Amino acid sequence: MTGHYSKTEHQYILLTSESASFDHYSVYRDPKLPQIFSHNFVQLHDTFPLERLLDFLPSVPKLLEANYLHLKASPQHVFPLGLKQSLVKSGFVVEDELLYDMKLSDWKGQMGHPLTAWGTAKSLSDGSSIMKIYDSIYIGEAIAEQKLKRKYHFYESGTIILVVCYSDQAQKIPIGCGELFIHSQEKTAKIEEVAILDQFQRRGYGSILVKEMLSIAKSLGMEAAYLVATSTDGATHFYEKLTFKKYERVHTVFHYFLT
């Protein structure tokens, strides 16, 4: 990631991952949770020559000390069609991460929606429960529990604001949550881990949750908010409806080795 959000993104990643920088790339690793791909990856610098990519890829699992390959190109890199075809033929998954942002001077929403809560013992408990349930569906219960333990103290301390969405104004039934990371020096907020339980999706709760997060960020003096989506997760239209603008695109390469 480049530009205005690179410092915020770096600080967010360093909450869970160690980093080591080399001439043309950086390595991010989370020794406590090597199974979480978003915590473990190689980030190419602008200076990395794309003609070296195919030769470089076999070294990535060793750099990550993992049985998978996860690499992110620089936003300045544009994969030629021939390179994409070669990667796919070799069994790699090539996707795009899409960064969306919003200038909060344009945001007119008000904080305090009755279906949302944050910053209380109850919201912490409810949000943690939803995060574990949601993650269990996609990464398994054991890893979801480890992930929650890894991040719980960040939620508890307010380093990451865990915002919860409920299905009722009495706030008895939590159905979604999301992370809000504030970088005060950069006056930038990152929205991450937005999750609504499947049976409550497409009913407006996601919009309520994200709008509340934007309002919180603005109330804390942030000037911009951003988030990262993938080109395949179906959420891009949702964020565009909320008036987020596409800021940049990053190619990612992934491969999981069975042995």
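Results, tabulated for the structure shown:
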| read-out | value |
| --- | --- |
| Where a residue in segment 8-33 is farther than 24 Å from His183 by Cα and its partner, wherever it lies, is among the hydroxyl-bearing types (Ser, Thr, Tyr) and at pLDDT 95 or above, with Cβ under 6 Å and at least six apart | His24/Thr47 |
| Scope segment 211-242; condition open to solvent by 60 Å² or more (accessible area, probe 1.4 Å), in contact (Cβ under 8 Å) with a residue 40 or more places away in the chain, part of a helix (DSSP H, G or I) and under 13 Å from Leu98 (Cα atoms); matching residues | Glu240 |
| Matching option when the condition is under 14 Å from Tyr256 (Cα atoms) and open to solvent by less than 10 Å² (accessible area, probe 1.4 Å), among Val42, Val60 | Val60 |
| Only listed residue being without any contact (Cβ under 8 Å) to a residue 60 or more places away in the chain, open to solvent by less than 10 Å² (accessible area, probe 1.4 Å) and either small (Gly, Ala, Ser) or over 24 Å from Thr8 (Cβ atoms) (or both), chosen from Gly204, Gly176 | Gly176 |
| Residue count, segment 177-200 (criterion: closer than 21 Å to Ser128 by Cβ and assigned to a strand (DSSP E or B)) | 14 |
| Residue check for Tyr134: open to solvent by 60 Å² or more (accessible area, probe 1.4 Å), hydroxyl-bearing (Ser, Thr, Tyr), within 21 Å of Thr230 (Cα to Cα) and out of contact with any Cys (no Cβ under 7 Å at 6 or more places or on another chain) | no |
| Output for segment 89-123, where each listed residue is small (Gly, Ala, Ser) and either surrounded by fewer than 20 Cβ atoms within 10 Å (Cβ to Cβ) or outside the structural domain of Ser231 (by the TED database) (or both) | Ser90, Gly91, Ser105, Gly109, Gly112, Gly119, Ala121 |
| Residue in segment 46-67 that is under 18 Å from Ser231 (Cα atoms), touching a helix residue (DSSP H, G or I) at 6+ places or on another chain (Cβ under 9 Å) and not hydroxyl-bearing (Ser, Thr, Tyr) present | no |
| Members of segment 155-166 found to be in contact (Cβ under 8 Å) with a residue 24 or more places away in the chain and either within 18 Å of the chain's Cα centre (by Cα) or over 15 Å from Gly112 (Cα atoms) (or both), listed by number | Tyr155, Glu156, Gly158, Thr159, Ile160, Ile161, Leu162, Val163, Val164 |
| Enumerated helices (runs of 4 or more DSSP H) restricted to segment 1-109, each holding at least 3 residues that are farther than 29 Å from Lys245 by Cβ and at pLDDT 95 or above | 53-56, 60-64, 81-89 |
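The values are calculated or read from the model by the stated rules, or taken from the named source; none is laboratory data. Here the structure is a predicted model, which means the values were calculated and not measured. As a convention, Cβ positions derive from the backbone with ideal geometry for all residues, glycine included, and neighbour counts pool all protein chains shown. Heads up: the accessible areas ignore ligands, DNA and RNA and are worked out on the full protein's heavy atoms, side chains in. Shrake-Rupley method; radii C 1.70, N 1.55, O 1.52, S 1.80 Å.
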